[in-house]
Amino acid sequence: MRRDERAYDETEGRDEIAAIESQWTRIWEAQGGPQGRAERIRRREEFRIMWPYIRQFPKGSRLLDGGCGLGDWVLWLTRAGYPTIGLDISKATIAKLKQMFPDTSFAVGDIRATGFSDDSFDAYFSWGTFEHFEEGFAPVVSEAFRILKPGGLLFVSTPFDNLRHALRATFLDRVRLPPQAKPTRFYQWRLTRGELATILARHGFAVDDVRMIHRRQGIQRFLQQNLRLDPASNVTKALGVMLSPLAPKRVIAHMILAVARKPASR
Ligand SMILES: C[S@@+](CC[C@H](N)C(=O)[O-])C[C@H]1O[C@@H](n2cnc3c(N)ncnc32)[C@H](O)[C@@H]1O
(Lines give C-alpha, C1' and ligand atoms only; values in the text may rest on other atoms or scores of the structure.)
Protein backbone atom coordinates (compact mmCIF):
# COMPACT_ATOMS: atom_id res chain seq x y z
CA MET A 1 0.00 0.00 0.00
CA ARG A 2 1.44 3.35 -1.00
CA ARG A 3 0.68 6.56 0.82
CA ASP A 4 -0.11 9.77 -1.10
CA GLU A 5 0.20 13.18 0.51
CA ARG A 6 -1.21 16.54 -0.51
CA ALA A 7 -0.48 20.15 0.44
CA TYR A 8 -1.69 21.07 3.89
CA ASP A 9 -4.25 23.85 3.76
CA GLU A 10 -4.36 25.61 7.14
CA THR A 11 -7.95 26.75 6.70
CA GLU A 12 -9.07 23.09 6.77
CA GLY A 13 -7.61 22.47 10.23
CA ARG A 14 -5.97 19.21 11.33
CA ASP A 15 -9.15 17.14 11.87
CA GLU A 16 -9.18 14.53 9.09
CA ILE A 17 -12.92 14.12 8.60
CA ALA A 18 -13.59 17.88 8.74
CA ALA A 19 -10.91 18.38 6.07
CA ILE A 20 -12.45 15.67 3.85
CA GLU A 21 -15.87 17.25 4.24
CA SER A 22 -14.75 20.78 3.39
CA GLN A 23 -12.64 19.56 0.45
CA TRP A 24 -15.55 17.65 -1.13
CA THR A 25 -18.13 20.34 -0.41
CA ARG A 26 -15.88 22.80 -2.27
CA ILE A 27 -15.44 20.39 -5.20
CA TRP A 28 -19.19 19.80 -5.56
CA GLU A 29 -19.99 23.52 -5.25
CA ALA A 30 -17.41 24.32 -7.94
CA GLN A 31 -19.28 21.88 -10.20
CA GLY A 32 -22.60 23.65 -9.58
CA GLY A 33 -23.91 21.22 -6.91
CA PRO A 34 -26.47 18.44 -7.49
CA GLN A 35 -28.28 18.73 -10.82
CA GLY A 36 -30.08 15.40 -11.04
CA ARG A 37 -28.12 14.35 -14.12
CA ALA A 38 -28.68 10.70 -13.30
CA GLU A 39 -28.40 9.41 -16.88
CA ARG A 40 -24.70 10.19 -17.01
CA ILE A 41 -23.88 7.27 -14.68
CA ARG A 42 -24.62 4.91 -17.59
CA ARG A 43 -21.43 6.06 -19.31
CA ARG A 44 -19.27 5.18 -16.29
CA GLU A 45 -17.08 2.06 -16.26
CA GLU A 46 -18.29 1.35 -12.73
CA PHE A 47 -21.85 1.15 -14.09
CA ARG A 48 -20.87 -1.30 -16.82
CA ILE A 49 -19.31 -3.58 -14.20
CA MET A 50 -21.97 -3.29 -11.47
CA TRP A 51 -25.24 -3.20 -13.43
CA PRO A 52 -25.11 -6.81 -14.76
CA TYR A 53 -25.08 -7.99 -11.12
CA ILE A 54 -27.74 -5.56 -9.85
CA ARG A 55 -30.25 -6.12 -12.62
CA GLN A 56 -30.46 -9.77 -11.59
CA PHE A 57 -31.67 -8.74 -8.10
CA PRO A 58 -35.43 -8.72 -7.46
CA LYS A 59 -36.93 -5.21 -7.74
CA GLY A 60 -37.11 -3.60 -4.31
CA SER A 61 -33.67 -4.89 -3.24
CA ARG A 62 -32.01 -2.32 -0.96
CA LEU A 63 -28.76 -0.64 -2.02
CA LEU A 64 -26.34 1.77 -0.33
CA ASP A 65 -24.10 4.34 -2.04
CA GLY A 66 -21.27 5.13 0.41
CA GLY A 67 -20.02 8.62 -0.50
CA CYS A 68 -22.84 9.49 -2.91
CA GLY A 69 -21.56 12.98 -3.86
CA LEU A 70 -24.01 14.61 -6.28
CA GLY A 71 -26.46 11.72 -5.86
CA ASP A 72 -26.75 10.66 -9.52
CA TRP A 73 -26.33 6.92 -8.77
CA VAL A 74 -28.97 7.06 -6.03
CA LEU A 75 -31.48 8.78 -8.33
CA TRP A 76 -30.90 6.43 -11.25
CA LEU A 77 -30.99 3.17 -9.29
CA THR A 78 -34.02 4.22 -7.22
CA ARG A 79 -35.92 5.08 -10.42
CA ALA A 80 -34.84 1.71 -11.87
CA GLY A 81 -36.67 -0.05 -8.99
CA TYR A 82 -33.79 -0.50 -6.50
CA PRO A 83 -34.35 1.78 -3.49
CA THR A 84 -30.91 3.24 -2.77
CA ILE A 85 -29.75 5.29 0.20
CA GLY A 86 -27.11 7.94 -0.54
CA LEU A 87 -24.79 8.51 2.41
CA ASP A 88 -22.25 11.32 2.37
CA ILE A 89 -20.17 13.32 4.82
CA SER A 90 -20.84 16.63 3.02
CA LYS A 91 -23.71 18.22 4.98
CA ALA A 92 -24.24 21.01 2.44
CA THR A 93 -24.48 18.59 -0.51
CA ILE A 94 -26.90 16.26 1.30
CA ALA A 95 -29.07 19.24 2.39
CA LYS A 96 -29.39 20.31 -1.27
CA LEU A 97 -30.16 16.76 -2.42
CA LYS A 98 -32.90 16.38 0.21
CA GLN A 99 -34.44 19.69 -0.83
CA MET A 100 -34.33 18.88 -4.56
CA PHE A 101 -35.37 15.21 -4.32
CA PRO A 102 -37.57 14.81 -1.22
CA ASP A 103 -38.81 11.37 -2.37
CA THR A 104 -35.29 9.88 -2.55
CA SER A 105 -33.21 8.77 0.47
CA PHE A 106 -30.15 10.82 1.33
CA ALA A 107 -28.41 10.99 4.71
CA VAL A 108 -25.36 12.64 6.26
CA GLY A 109 -22.98 10.13 7.79
CA ASP A 110 -19.52 8.58 7.98
CA ILE A 111 -19.10 5.29 6.11
CA ARG A 112 -16.99 3.97 9.02
CA ALA A 113 -19.96 4.20 11.44
CA THR A 114 -23.14 4.39 9.38
CA GLY A 115 -25.70 3.74 12.11
CA PHE A 116 -27.55 1.19 9.90
CA SER A 117 -28.62 -2.12 11.44
CA ASP A 118 -26.74 -5.37 10.80
CA ASP A 119 -27.67 -7.14 7.53
CA SER A 120 -29.48 -4.11 6.03
CA PHE A 121 -28.45 -4.05 2.35
CA ASP A 122 -28.47 -6.37 -0.65
CA ALA A 123 -25.59 -4.42 -2.20
CA TYR A 124 -23.24 -1.64 -1.15
CA PHE A 125 -21.17 0.38 -3.61
CA SER A 126 -18.61 3.09 -2.99
CA TRP A 127 -16.41 4.86 -5.53
CA GLY A 128 -13.12 6.47 -4.51
CA THR A 129 -13.94 6.90 -0.82
CA PHE A 130 -12.60 3.92 1.22
CA GLU A 131 -8.97 5.03 0.72
CA HIS A 132 -9.10 8.41 2.45
CA PHE A 133 -8.60 7.34 6.10
CA GLU A 134 -5.08 7.46 7.47
CA GLU A 135 -5.98 4.74 10.02
CA GLY A 136 -6.45 2.36 7.06
CA PHE A 137 -9.26 0.16 5.76
CA ALA A 138 -10.27 -1.94 8.80
CA PRO A 139 -13.08 0.31 10.14
CA VAL A 140 -14.67 0.99 6.76
CA VAL A 141 -14.48 -2.61 5.48
CA SER A 142 -15.74 -4.19 8.74
CA GLU A 143 -18.66 -1.71 8.73
CA ALA A 144 -19.48 -2.69 5.13
CA PHE A 145 -19.45 -6.37 6.12
CA ARG A 146 -21.72 -5.72 9.12
CA ILE A 147 -24.45 -3.82 7.23
CA LEU A 148 -24.59 -6.12 4.18
CA LYS A 149 -27.06 -8.99 4.27
CA PRO A 150 -25.53 -12.50 4.09
CA GLY A 151 -25.00 -13.08 0.37
CA GLY A 152 -24.92 -9.29 -0.25
CA LEU A 153 -22.49 -7.72 -2.72
CA LEU A 154 -19.84 -5.06 -2.18
CA PHE A 155 -18.51 -2.97 -5.10
CA VAL A 156 -15.60 -0.74 -4.11
CA SER A 157 -13.10 1.29 -6.09
CA THR A 158 -9.78 2.71 -4.86
CA PRO A 159 -6.73 4.32 -6.50
CA PHE A 160 -4.49 1.78 -8.26
CA ASP A 161 -0.80 1.46 -7.43
CA ASN A 162 -0.03 0.86 -11.10
CA LEU A 163 3.38 0.17 -12.65
CA ARG A 164 3.96 3.85 -13.43
CA HIS A 165 3.64 4.72 -9.72
CA ALA A 166 5.73 1.72 -8.65
CA LEU A 167 8.55 2.61 -11.10
CA ARG A 168 8.44 6.28 -10.17
CA ALA A 169 8.73 5.42 -6.46
CA THR A 170 11.51 2.86 -7.05
CA PHE A 171 13.69 4.91 -9.39
CA LEU A 172 12.70 8.52 -10.01
CA ASP A 173 11.87 9.56 -6.46
CA ARG A 174 15.28 8.27 -5.31
CA VAL A 175 17.29 10.39 -7.73
CA ARG A 176 15.18 13.57 -7.59
CA LEU A 177 16.24 16.41 -5.36
CA PRO A 178 14.04 16.46 -2.25
CA PRO A 179 11.15 18.91 -2.69
CA GLN A 180 11.13 22.05 -0.60
CA ALA A 181 9.76 21.31 2.83
CA LYS A 182 6.15 22.39 2.35
CA PRO A 183 3.67 21.12 4.93
CA THR A 184 1.65 18.20 3.60
CA ARG A 185 -1.03 15.92 5.02
CA PHE A 186 -2.17 12.37 4.35
CA TYR A 187 -4.39 12.21 1.27
CA GLN A 188 -5.06 8.57 0.30
CA TRP A 189 -3.87 4.99 0.10
CA ARG A 190 -3.02 3.57 -3.32
CA LEU A 191 -3.31 -0.23 -3.68
CA THR A 192 -2.41 -3.11 -5.95
CA ARG A 193 -5.16 -5.52 -6.94
CA GLY A 194 -3.72 -8.16 -4.61
CA GLU A 195 -3.67 -5.74 -1.68
CA LEU A 196 -7.32 -4.77 -2.12
CA ALA A 197 -8.35 -8.43 -2.47
CA THR A 198 -6.39 -9.34 0.69
CA ILE A 199 -7.96 -6.56 2.77
CA LEU A 200 -11.48 -7.61 1.74
CA ALA A 201 -10.78 -11.32 2.31
CA ARG A 202 -9.30 -10.58 5.76
CA HIS A 203 -12.66 -9.09 6.77
CA GLY A 204 -14.62 -12.14 5.63
CA PHE A 205 -15.53 -11.22 2.04
CA ALA A 206 -15.28 -13.70 -0.83
CA VAL A 207 -13.61 -11.68 -3.60
CA ASP A 208 -15.03 -12.32 -7.03
CA ASP A 209 -12.92 -9.98 -9.15
CA VAL A 210 -10.66 -6.90 -9.01
CA ARG A 211 -10.72 -4.94 -12.29
CA MET A 212 -8.44 -2.14 -13.49
CA ILE A 213 -10.45 0.88 -14.64
CA HIS A 214 -10.06 4.54 -15.68
CA ARG A 215 -7.24 4.30 -18.20
CA ARG A 216 -8.00 7.71 -19.68
CA GLN A 217 -7.74 9.44 -16.29
CA GLY A 218 -4.42 7.61 -15.73
CA ILE A 219 -3.03 8.96 -18.99
CA GLN A 220 -4.26 12.47 -18.27
CA ARG A 221 -2.56 12.38 -14.87
CA PHE A 222 0.67 11.12 -16.45
CA LEU A 223 0.56 13.98 -18.98
CA GLN A 224 -0.10 16.46 -16.20
CA GLN A 225 2.39 15.16 -13.62
CA ASN A 226 5.26 14.02 -15.86
CA LEU A 227 4.96 16.25 -18.93
CA ARG A 228 3.44 19.25 -17.13
CA LEU A 229 0.53 19.55 -19.59
CA ASP A 230 -2.50 21.54 -18.46
CA PRO A 231 -5.16 18.94 -17.45
CA ALA A 232 -7.96 21.24 -18.65
CA SER A 233 -6.48 21.80 -22.14
CA ASN A 234 -8.06 20.21 -25.21
CA VAL A 235 -4.66 18.76 -26.19
CA THR A 236 -4.41 16.82 -22.91
CA LYS A 237 -8.00 15.62 -23.25
CA ALA A 238 -7.50 14.55 -26.90
CA LEU A 239 -4.27 12.71 -26.04
CA GLY A 240 -6.11 10.93 -23.22
CA VAL A 241 -8.81 9.74 -25.63
CA MET A 242 -6.33 8.68 -28.35
CA LEU A 243 -3.79 6.92 -26.12
CA SER A 244 -6.06 5.13 -23.67
CA PRO A 245 -6.95 2.15 -25.91
CA LEU A 246 -3.21 1.58 -26.51
CA ALA A 247 -1.79 1.91 -23.00
CA PRO A 248 -1.59 -1.28 -20.88
CA LYS A 249 -3.94 -1.10 -17.90
CA ARG A 250 -1.28 -2.44 -15.52
CA VAL A 251 0.88 0.57 -16.30
CA ILE A 252 -1.66 3.34 -16.49
CA ALA A 253 -5.14 2.49 -15.09
CA HIS A 254 -6.00 5.05 -12.41
CA MET A 255 -8.39 2.98 -10.25
CA ILE A 256 -9.26 -0.60 -9.36
CA LEU A 257 -12.76 -1.91 -8.67
CA ALA A 258 -13.39 -4.98 -6.52
CA VAL A 259 -16.55 -7.08 -6.54
CA ALA A 260 -16.91 -9.10 -3.33
CA ARG A 261 -19.63 -11.07 -1.55
CA LYS A 262 -20.48 -11.49 2.11
CA PRO A 263 -20.83 -15.27 2.42
CA ALA A 264 -24.43 -16.47 2.71
CA SER A 265 -23.78 -18.38 5.91
CA ARG A 266 -21.05 -17.96 8.50
C1 LIG B 1 -14.81 10.41 -5.12
S2 LIG B 1 -16.31 11.11 -4.51
C3 LIG B 1 -17.46 9.97 -5.17
C4 LIG B 1 -18.77 10.61 -5.53
C5 LIG B 1 -19.77 9.74 -6.29
N6 LIG B 1 -19.98 8.45 -5.62
C7 LIG B 1 -19.34 9.51 -7.72
O8 LIG B 1 -18.81 8.44 -8.03
O9 LIG B 1 -19.50 10.42 -8.51
C10 LIG B 1 -16.21 10.73 -2.81
C11 LIG B 1 -17.43 11.16 -1.96
O12 LIG B 1 -17.31 10.53 -0.68
C13 LIG B 1 -17.67 11.45 0.34
N14 LIG B 1 -16.99 11.01 1.57
C15 LIG B 1 -15.69 11.13 1.88
N16 LIG B 1 -15.44 10.59 3.08
C17 LIG B 1 -16.63 10.11 3.54
C18 LIG B 1 -17.02 9.44 4.73
N19 LIG B 1 -16.15 9.15 5.69
N20 LIG B 1 -18.31 9.06 4.85
C21 LIG B 1 -19.22 9.35 3.88
N22 LIG B 1 -18.90 10.00 2.74
C23 LIG B 1 -17.62 10.37 2.57
C24 LIG B 1 -17.22 12.80 -0.20
O25 LIG B 1 -17.93 13.86 0.42
C26 LIG B 1 -17.54 12.65 -1.70
O27 LIG B 1 -18.83 13.11 -1.99
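The values are calculated or read from the model by the stated rules, or taken from the named source; none is laboratory data. Being a predicted model, the structure only gives us computed values, none of them experimental. Every residue, glycine as well, gets a Cβ built from its backbone with ideal geometry; the counts of neighbours run over all protein chains shown. These area figures cover heavy atoms from the full protein model, side chains too; ligands, DNA and RNA do not enter into them. Shrake-Rupley method; radii C 1.70, N 1.55, O 1.52, S 1.80 Å.
Annotation: residue 40 fulfils all but one of (1) touching a Phe, Trp or Tyr at 6+ places or on another chain (Cβ under 8 Å); (2) open to solvent by 20 Å² or more (accessible area, probe 1.4 Å); the unmet one is (1).
With respect to residue 69, determine if the residue is in a loop (DSSP other than H, G, I, E, B), within 13 Å of the ligand (Cβ to nearest atom) and at pLDDT 95 or above. The answer is yes for residue 69.
For the range 77-180, the strands (runs of 3 or more DSSP E) that sit wholly inside it and include 1 or more residues that are in contact with a Cys (Cβ under 8 Å, 6 or more places away or on another chain) are 84-88, 105-108.
This table checks each residue for (1) among the hydroxyl-bearing types (Ser, Thr, Tyr); (2) out of contact with any strand residue (DSSP E or B) (no Cβ under 8 Å at 6 or more places or on another chain); (3) more than 22 Å from residue 47 (Cα to Cα); (4) surrounded by fewer than 16 Cβ atoms within 10 Å (Cβ to Cβ).
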position	(1), (2), (3), (4)
235	no, yes, yes, yes
244	yes, yes, no, no
258	no, no, no, no
263	no, no, yes, yes
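Residue pairs whose Cβ atoms lie under 9 Å apart, sitting 6 or more positions apart in sequence or on different chains, and linking a residue in the range 201-214 that is closer than 23 Å to residue 265 by Cα to a partner that is in a strand (DSSP E or B) and open to solvent by 50 Å² or more (accessible area, probe 1.4 Å), are 201/207; 205/261; 206/261; 207/261; 208/261.
When residue 124 is tested against the conditions (1) of a type outside the set (S, T, N, Q); (2) more than 15 Å from the chain's Cα centre (by Cα); (3) at pLDDT 95 or above, the lone failure is (2).
For the range 10-21, the count of residues that are surrounded by fewer than 20 Cβ atoms within 10 Å (Cβ to Cβ) and on the phi > 0 side of the Ramachandran plot is nonzero. Among residues of the range 96-118 that are among the aliphatic types (A, V, I, L, M), those with a Cβ under 6 angstrom from a residue that is in a strand (DSSP E or B) and within 11 Å of the ligand (Cβ to nearest atom), sequence gap 6+ or separate chain, pair up as 107/87; 111/66. Say whether the condition of being out of contact with any strand residue (DSSP E or B) (no Cβ under 8 Å at 6 or more places or on another chain), surrounded by fewer than 21 Cβ atoms within 10 Å (Cβ to Cβ) and of a type in the set (Asp, Glu) is met by at least one residue in the range 139-158. Checked the range 139-158: no residue is out of contact with any strand residue (DSSP E or B) (no Cβ under 8 Å at 6 or more places or on another chain), surrounded by fewer than 21 Cβ atoms within 10 Å (Cβ to Cβ) and of a type in the set (Asp, Glu).
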